[in-house]
Amino acid sequence: MKNKKKHTLLKENIGRSMIEILGILAIIAALSTGALVSYSRAMRRYRLNEVIHQIALMSTNIRAFYANVDSYESFDVETAIKFNMISEKMLGQDENLLNPYKGRIKITLDQAVHDGLPNTAFVITYYDLPTEACIMLAQRDWAYDEKVGLVGIAVGENGEEPNYPKPLSEVFTVNRMTAPLSMTEAAEHCSGDDPLRPRSSVAWKYF
């Protein structure tokens, strides 16, 4: 009789222990999920802020370096890195510039004035951005005034070149943008066919 009671008590204790262990595991799982969500949100914020910082730094440094000449004709990435216009940390293994989302960065030369001198403006293009980042960047107030030198911004989707609201080759100092894109515009033209694949692009043109 005593052995039977002991056996029953043992079974009850084991049952309680299993329930307690399952409860602890459930709490750990919930905490881990919360930590992962917080980490993911923090990383999205960090990458977006890093893009904003990179654009501001590159545009300011390039304009300052060429302030006393008529064009950006001699510009290239190697020179830009040598003279600290661009951070060396942005160089990928193949010597191409990479953005915080591991997509390409391309810097090309353009005209500031229609039918004017060539190489008087430059365009910084970020490729392979998540839709969310593209929307946030397109809506941001980048200070659309002559002191900053921003001529315009354009966005693209599905890996295409940025061409909304118009290709930056058609935007000059006389018809430069004076305000960021609206939420509706950004959401419509940053979204791609596959929301899980970052294929949006954003470009900025400076004189």
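The values are calculated or read from the model by the stated rules, or taken from the named source; none is laboratory data. Given the structure is predicted, the values throughout are model-derived calculations rather than measurements. As a convention, Cβ positions derive from the backbone with ideal geometry for all residues, glycine included, and neighbour counts pool all protein chains shown.
For the criterion of being on the phi < 0 side of the Ramachandran plot, among the charged types (D, E, K, R) and in contact (Cβ under 8 Å) with a residue 60 or more places away in the chain, Arg47 passes.
Within the range 104-138, the set of residues being assigned to a loop (DSSP other than H, G, I, E, B) and surrounded by fewer than 21 Cβ atoms within 10 Å (Cβ to Cβ) comprises Gln111, Val113, His114, Asp115, Gly116, Leu117, Pro118, Asn119, Thr120.
Within the range 166-193, the residues that satisfy the criterion of being in contact (Cβ under 8 Å) with a residue 40 or more places away in the chain, under 23 Å from Thr131 (Cα atoms) and among the hydroxyl-bearing types (Ser, Thr, Tyr) are Ser182, Ser191.
Looking for something aromatic (Phe, Trp, Tyr) and touching a helix residue (DSSP H, G or I) at 6+ places or on another chain (Cβ under 6 Å) - is there at least one such residue anywhere in the range 157-169? If you could, list the steps in order and put the result at the bottom.
Step one: of the range 157-169, the residues aromatic (Phe, Trp, Tyr) are 164.
Adding the requirement that they be touching a helix residue (DSSP H, G or I) at 6+ places or on another chain (Cβ under 6 Å) leaves 164.
The answer is yes; a qualifying residue exists.
May I ask you to verify whether Ala42 is buried (at least 17 other Cβ atoms within 10 Å of the Cβ), at pLDDT below 95 and in a helix (DSSP H, G or I)?
Details: buried (at least 17 other Cβ atoms within 10 Å of the Cβ): no; at pLDDT below 95: yes; in a helix (DSSP H, G or I): yes.
Answer is no for this residue.
Filter the range 74-103 down to the residues that are surrounded by 12 or more Cβ atoms within 10 Å (Cβ to Cβ) and hydroxyl-bearing (Ser, Thr, Tyr) and list them by number. Thr79, Ser87, Tyr101, listed by residue number. Can you tell me which of Glu146, Glu132 is among the charged types (D, E, K, R) and closer than 16 Å to Ser59 by Cα? Residue meeting the stated conditions: Glu146.
Checking the structure you have, find out if any residue of the range 176-184 is within 25 Å of Met43 (Cβ to Cβ), surrounded by 16 or more Cβ atoms within 10 Å (Cβ to Cβ) and under 15 Å from the mean Cα position of the chain (by Cα).
Our first condition is that a residue be within 25 Å of Met43 (Cβ to Cβ); within the range 176-184, this holds for 180-181, 183.
Then drop every residue that is not surrounded by 16 or more Cβ atoms within 10 Å (Cβ to Cβ), which leaves 180-181.
From the residues that got through so far, the ones that are under 15 Å from the mean Cα position of the chain (by Cα) too are none.
So far as the range 176-184 goes, no, none of its residues is within 25 Å of Met43 (Cβ to Cβ), surrounded by 16 or more Cβ atoms within 10 Å (Cβ to Cβ) and under 15 Å from the mean Cα position of the chain (by Cα).
Residue check: is Gly159 part of a loop (DSSP other than H, G, I, E, B) and under 27 Å from Arg45 (Cβ atoms)? Spell out the reasoning first.
Working: part of a loop (DSSP other than H, G, I, E, B): yes; under 27 Å from Arg45 (Cβ atoms): yes.
When the stated conditions are applied, Gly159 passes them.
As for the range 190-197, it holds no residue that is closer than 17 Å to Leu150 by Cβ, of a type in the set (Gly, Ala, Ser) and out of contact with any helix residue (DSSP H, G or I) (no Cβ under 6 Å at 6 or more places or on another chain).
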